[in-house]
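Everything below concerns the one structure shown next.
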Amino acid sequence: AVGNNGTIQISSDNGSSFDDESTGSYDFKKIIFKNNTFVAVGKYLVKAYSTDNGTTWNTDYTPYYSYYYPAFKDIAYGNGKFVTVGDIAFFASSMTGTWWDSYYGGCIKTGGDDYYAYCQNYIESITYSFNLGIFVIVGSTNGYSNDSSVIHSSVDGKNWSLKLSGTYGYLNDVIYLD
């Protein structure tokens, strides 16, 4: 389990009890366990990982200089890699969970040249389809409830096909049933 102020709780007895393995002061949003590696992601584009069953944690963050501090909102594993997504279309991918390639994913402008000049694509959720071999993410174009919702897909977790969903408001979560 993960939460605010660096909270990480690990259970070694199927959830009967939890040990506090908190690290730093980051606000974590999601955690995943694949290939004997825990990876947690959260506010300030932080990524934390543990390769020893959660006993020790290493943190890394994607530098971003602005008045706004974006967050990684979700993480998935597929096609041999971890992929995390978040605010302002920031993405990061890693084959191991310990070393990351981070990048800005671009955005969809929904109007004329000057309309949505600060287009940001707030990505809320990611899933992976093992049958199709694709990542799918959802969110909104600018983070406002009256903006267009977006659905993106990618084979590699880096190059995304950008699509408007045809609906307005946030799309908060996505799941793909294989």
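General observations
- Within region 51-60, the presence of a residue that is farther than 22 Å from residue 91 by Cα, without any contact (Cβ under 8 Å) to a residue 60 or more places away in the chain and assigned to a strand (DSSP E or B) is excluded.
- One residue stands out among those in region 114-136 that are at pLDDT 90 or above and in a strand (DSSP E or B): the one that is farthest from residue 93 (Cα to Cα), which is 129.
- Single unsatisfied condition, residue 26 versus (1) part of a loop (DSSP other than H, G, I, E, B); (2) modelled with pLDDT under 90; (3) within 25 Å of residue 80 (Cα to Cα): (3)
- Residue count for region 24-41, restricted to those that are open to solvent by 90 Å² or more (accessible area, probe 1.4 Å) and of a type in the set (Asp, Glu): 0.
- One residue from 52, 20 being at pLDDT below 95, open to solvent by 80 Å² or more (accessible area, probe 1.4 Å) and of a type in the set (Asp, Glu): 20
The values are calculated or read from the model by the stated rules, or taken from the named source; none is laboratory data. Remember, predicted model here, so these are calculated numbers, not experimental data. When we count neighbours, we look across all protein chains shown, and the Cβ atoms used for this are built from the backbone with ideal geometry, even at glycine. Only protein heavy atoms, including side chains, enter the accessible area calculation; ligands, DNA and RNA are left aside. Shrake-Rupley method; radii C 1.70, N 1.55, O 1.52, S 1.80 Å.
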